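A short write-up of the structure that comes next.
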Amino acid sequence: MIKGKFAILAIESSCDETAAAVVLEGREVLSNVISSQIEIHKAYGGVVPEIASRHHLNNVNWVCQQALDQASETLAAMDAGETSVISDAALKEGGSGGGLSMDDIDAIAVTYGPGLVGALLIGLATAKAYALAMGKPLIGVHHIHGHICANFIEHKDLKPPFMALVISGGHTNIVEVSDYNEYQVLGGTRDDAAGEAYDKVARVLGLGYPGGPLIDKIAKSGNPEAVEFKRVFLEKDSFDFSFSGIKTGVLNYVNSEKQAGREINVPDVAAGFQQAVLDVIVTKTVTAAIQMNKDKIVMAGGVAANSRLREMLQAECDKHGISLYHPSPILCTDNAAMIGCAAYYNYKAGKISDLTLDAIPNLPL
Ligand code: KG4
Ligand code: ZN
């Protein structure tokens with residue numbers, strides 16, 4: 001216990017971020033350390049699983065130690081008079097010094113799926129080793145459950161029920177959240193995830209990796225109506241998505257313009273692509289909330305950081321009297337604070353794992 005509160009050391013390694021955090025009672029973040037491999041994978045235009053695993057292996061122990069050290073610093077700052085447990089420092093990368101002991105930690109949490117199997121296994125092996133050596137309970141967390149829970153950290157008054165839009169490089173789901181541990185997936189992508197579509201289109205446009213933030217930025221100076229791409233709504237009443245067609249649509253457009261000797265207006269194409277994708281996402285999410293009588297929509301995952309998506313969803317929510325919640329960018333992309341939060345609610349529901357916990361790359365929600 002730390003200051004009489006249940007303390008979790010959480011580890012996340014499902015993709016290309018090695019992350020560890022110390023979280024009190026689910027919502028109070030003492031530290032949130034993220035070692036990103038983005039620069040390494042940039043050279044390949046995407047995450048290379050084997051390289052990701054090797055970097056997780058090199059980094060994971062250091063990242064866990066940093067999480068403990070940074071938590072000590074946050075505690076020292078609190079003792080020195082800071083009122084908020086979540087200091088700005090705790091939500092940023094880095095941290096040094098201090099020396100909180102593992103004895104202060106009550107449980108070890110870890111993402112066990114979905115994700116890259118080799119990457120997940122590094123976090124899992126580390127968490128199991130800490131749990132076994134220190135005699136602490138082990139709590140397995142679903143990565144998407146973690147993304148949704150990032151909102152509980154940011155918004156202290158937020159409580160289920162609500163509708164969640166989980167939108168990242170690996171997932172695009174509309175999830176009905178009835179309680180802290182009760183989820184029903186209403187729809188998901190049938191092919192590419194939204195973030196994957198952003199990344200692939202950015203590559204076609206020669207923008208670099210990861211594509212989401214780059215398209216977000218460049219689309220601001222483009223006209224979303226200059227180039228129109230097809231909106232794919234699928235069957236009436238379906239909350240599923242399909243984004244592979246639009247990626248091909250952009251590719252075909254770029255190739256035909258090049259063949260005709262015309263210059264591509266990259267901001268216009270980026271804005272047109274983004275508008276087509278977001279029109280569908282916003283319409284389906286708000287329709288789901290209205291149909292299921294939810295007056296709150298919660299955004300989660302890397303693409304939830306997208307400024308146009310936030311703008312469009314906010315405007316649509318305002319029309320229907322729905323409150324919109326999203327985490328700050330550092331809690332949108334992969335991090336361990338969100339895993340610590342989800343783990344706390346698992347723990348309270350008696351969902352504790354044992355040392356047989358295995359990595360499940362396609363773990364369903
Ligand atoms: O949640 P996340 O960090 O990792 C996964 O679990 O997938 O999400 C990463 C994805 C990438 O595809 C990235 O391009 C996208 O989120 N992303 C964005 C933005 N920031 C990150 N997509 C659109 N706009 C953004 N601002
Ligand atoms: Zn994620």
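Any read-out appearing in this document is the output of simple, stated calculations on the displayed coordinates, not a laboratory observation. The structure displayed is predicted, hence computed values, not measured ones. Here the Cβ positions follow ideal geometry from the backbone for every residue, glycine too, while neighbour counts run over all protein chains shown.
When Cys332, Cys341 are ordered from fewest to most other Cβ atoms inside 10 Å of their Cβ, what list results? Before the final figure, lay out the partial values.
Values: Cys332 24, Cys341 31.
In order of increasing Cβ crowding within 10 Å: Cys332, Cys341.
Between Tyr44 and Ala133, 0.36 nm times their residue separation minus their Cα-Cα distance comes to what? Don't skip to the answer; put the middle values down first.
Working: separation 89, 0.36 × 89 = 32.04 nm, distance 3.79 nm.
In short, 28.2 nm is gained.
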Hey, can you grab everything whose amide H is under 5 Å from the amide H of Arg190? Only 5+ residues off in sequence or another chain; H modelled, so Pro and N-termini drop out.
Phe241, Ser242, Phe243
Nearest 10 degrees, 0 to 90: helix 307-320 Cα axis against the chain principal axis:
90
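Where does each of Cys149, Cys15 land when they are ranked from fewest to most other beta-carbon atoms within 10 angstrom?
Numbers: Cys149 31, Cys15 25.
The order, fewest Cβ neighbours first, is Cys15, Cys149.
Excluding Tyr180 itself, what net charge comes from residues whose Cβ is under 9 Å from its Cβ, given Lys and Arg +1 and Asp and Glu -1? Walk me through the numbers on the way to the answer.
Numbers: positive: Lys159, Lys348; negative: Asp179, Glu182.
Net charge around Tyr180: 0.
So what is the 222 nm mean residue ellipticity for the chain from helices alone, if each DSSP H run of at least 4 adds -39500 (n - 2.57) and you divide by all residues, rounding to the nearest 500 deg cm²/dmol?
Working: 11 runs with 158 residues, N = 365.
The per-residue figure over the chain is -14000 deg cm²/dmol.
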Cross-link partners of Lys42 among lysines (Cα-Cα below 21 Å; sequence separation of 8 or more within a chain)
Lys200, Lys217, Lys247
Where does helix 337-348 land angle-wise versus the long Cα axis of the chain, in degrees 0 to 90, nearest 10?
60
Which Cys residues of the chain have no other Cys beta carbon under 4.7 Å away?
Cys15, Cys64, Cys317, Cys332
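Which shape class applies to segment 160-328: rounded if a/c is under 1.5, otherwise prolate when a/b exceeds b/c and oblate if not, where a ≥ b ≥ c are the square roots of the Cα gyration tensor eigenvalues?
Working: a/c = 2.10, a/b = 1.97, b/c = 1.07.
In terms of gyration-tensor shape, prolate.
Looking at segment 224-290, which GluC sites (Glu not before Pro) are DSSP coil and have at most 12 other C-beta atoms within 10 Å of their C-beta? Write out the running numbers ahead of the final one.
Values: sites: Glu225, Glu228, Glu235, Glu257, Glu263; in loops: Glu225, Glu228, Glu235, Glu263.
Here the GluC sites (Glu not before Pro) that fit, given the DSSP loop and packing criteria, are Glu225, Glu228, Glu235, Glu263.
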Quick shape check on segment 257-365: root eigenvalues a ≥ b ≥ c of the Cα gyration tensor, a/c under 1.5 is rounded, otherwise prolate if a/b tops b/c, else oblate, and it reads oblate
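Segment 252-311: which trypsin sites (Lys or Arg not before Pro) are DSSP loop and have at most 12 other beta-carbon atoms within 10 angstrom? Don't skip to the answer; put the middle values down first.
Numbers: sites: Lys258, Arg262, Lys284, Lys294, Lys296, Arg308, Arg310; in loops: Arg262, Lys294.
Passing both the DSSP loop test and the Cβ count: Arg262.
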Sorting Gly206, Leu100, Pro361 by the position of each Cα along the dipole of the chain (Lys, Arg +1; Asp, Glu -1; all at Cβ), the one nearest the positive end of that ordering is Gly206
Straight distance only, please: which aspartates and glutamates reach the Cα of Lys159 with their own Cα at less than 19 Å, same-chain residues fewer than 8 apart left out?
Glu25, Glu28, Glu176, Asp179, Glu182, Asp295
Nearest 10, in degrees from 0 to 90: the angle of helix 49-79 to the longest Cα principal axis of the chain is 60
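Could you tell me which of rounded, prolate or oblate describes segment 1-42, using a ≥ b ≥ c as the square roots of the eigenvalues of the alpha-carbon gyration tensor, with rounded for a/c under 1.5 and, failing that, prolate when a/b is larger than b/c and oblate otherwise? Don't jump to the answer; show the numbers that get you there.
Details: a/c = 4.48, a/b = 3.38, b/c = 1.32.
Prolate shape, in that a/c is at least 1.5 and a/b is the bigger ratio.
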Paired Rg and Dmax values of the chain, which use every Cα atom, in angstrom:
20.7, 69
